[in-house]
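As structure tokens, the structure follows; a few thoughts come after it.
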Amino acid sequence: MAAPDHDDATFCTVDNTRGSFRNLRPQQPLGDPLSWTDQTYIDRRDDLEDLIDALLADPVFAARIDPNAIGAAGHSLGGYSVLGLGGAWSSWKDPRVKAVLALSPYIQPFTAHQTLPAMQVPVMYQGAQFDVGETPWLQGPNGAYAQSNPPKYFAELRAASHFIWSNVACSRTSSVQECLALPNPSLIDAYGIGFLDTYLKGRSSPLLSGSGAGLLAWQHAP
């Protein structure tokens, strides 16, 4: 897995430095998703494309990467970015991206513009019971899950909020192994890997056909 440092990153960057929420100003108002276009945060699209290009051109990394089986995962505004790359913004679509894992994504621009039906790659949405800002937009007859094409998945974590996918989830642990022993980080990891293994490696996961034990809600459209 590889990740870029976006210029607008405010929570925690790849080098583990922290930005400031005080100076966070979205390029377009979060409360006005209709004002967002495929030019909004296009620099993030460019960062992701540059990262993929650089890895495939590197003799060390390229030998370990299947260029026909690349997945994109992102949280919050990162979820917006990877969904765009998967085709939710048609001008962003990268045919190398074969699956998208969207973790509590800022989805409203795509539902407002009704662009999700154009996305033709498998998608897993993850939300959380107390993630009141984003998860409700994934649900319901007009939500992102309903607008997306199958294969599609939606999982909602119990007793968690928007930052369960961030380093906050591991703030009281001293190692990755200790963090992944916690219920929600373990579920995020297991379901995310199960999804990506299924659609990038052809390894079917029993988690994707089960009832979602341990999750508040579980939906699957084959």
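The values are calculated or read from the model by the stated rules, or taken from the named source; none is laboratory data. In this text, all values refer to a predicted model and were calculated from it rather than measured experimentally. Positions of Cβ are generated from backbone atoms using ideal geometry, with glycine treated the same way; all protein chains shown enter the neighbour counts.
Can you find a residue in region 153-161 that is touching a His at 6+ places or on another chain (Cβ under 6 Å) and on the phi < 0 side of the Ramachandran plot? Yes - at least one qualifying residue is present in region 153-161.
Every listed requirement among (1) surrounded by 14 or more Cβ atoms within 10 Å (Cβ to Cβ); (2) more than 15 Å from the chain's Cα centre (by Cα) is met by residue 54 save one, (1). So, residue 214, is that one modelled with pLDDT of 90 or more and on the phi > 0 side of the Ramachandran plot or not? Considered against the rule, which asks whether it is modelled with pLDDT of 90 or more and on the phi > 0 side of the Ramachandran plot, residue 214 comes out as no. Considering (1) modelled with pLDDT of 95 or more; (2) out of contact with any helix residue (DSSP H, G or I) (no Cβ under 8 Å at 6 or more places or on another chain), the lone condition that residue 27 does not fulfil carries the number (1). Being within 22 Å of residue 106 (Cα to Cα), modelled with pLDDT of 75 or more and among the β-branched types (Val, Ile, Thr) is a description that does not apply to residue 52. Does residue 139 satisfy the criteria of being touching a helix residue (DSSP H, G or I) at 6+ places or on another chain (Cβ under 6 Å) and polar (S, T, N, Q)? Answer is no for this residue. Looking at region 75-181, the helices (runs of 4 or more DSSP H) lying wholly inside it that each contain 3 or more residues that are touching a residue at least 60 places away in the same chain (Cβ under 8 Å) and either surrounded by fewer than 19 Cβ atoms within 10 Å (Cβ to Cβ) or over 13 Å from the mean Cα position of the chain (by Cα) (or both) sit at 108-113.
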